[in-house]
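The values are calculated or read from the model by the stated rules, or taken from the named source; none is laboratory data. Remember, predicted model here, so these are calculated numbers, not experimental data. All Cβ positions, even for glycine, are placed from backbone atoms using ideal geometry, and neighbour counts span all protein chains on display. Accessible surface areas use protein heavy atoms only, side chains included; no ligands, DNA or RNA. Shrake-Rupley method; radii C 1.70, N 1.55, O 1.52, S 1.80 Å.
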Amino acid sequence: MSTVTVSDKGQVVIPAAIRHRLGIEPGTKLDFELEGDSIRIRPLRTIQRTRPEDGYGLLQCDQPGTRRLTDFDIAESMREIGDDCP
């Protein structure tokens, strides 16, 4: 457990080990909740940013040949599987 001091403005410094463990960075929003005579502080989670390399290899095509995104026609593919929208 860490002990911190409240400033004249009501500010405290969250110990570095806690910030790192919870992923609290500058700009992170925190939720304060009273629980009896205690304060519960939780970081509000947002959706993590993704990187293109995080999805590498997620989708695979087992058909032979080289595939390029520019060759893909969504309308034609939908007609082939019978999912045409009116």
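Some values worked out for this structure:
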item: Distance between modelled label sites at Thr66 and Glu33, nm, 7 Å Cα→Cβ extension; result: 5.5
item: For region 10-24, Karplus couplings with θ = phi - 60° (6.51, -1.76, 1.60), whole Hz, Gly/Pro x; result: x, 8, 10, 9, 6, x, 4, 4, 6, 4, 5, 5, 8, x, 7
item: Accessible surface of the chain [probe 1.4 Å, protein heavy atoms]: carbon and sulfur percent; result: 54
item: For region 1-54: accessible area per residue (Å², 1.4 Å); result: 102
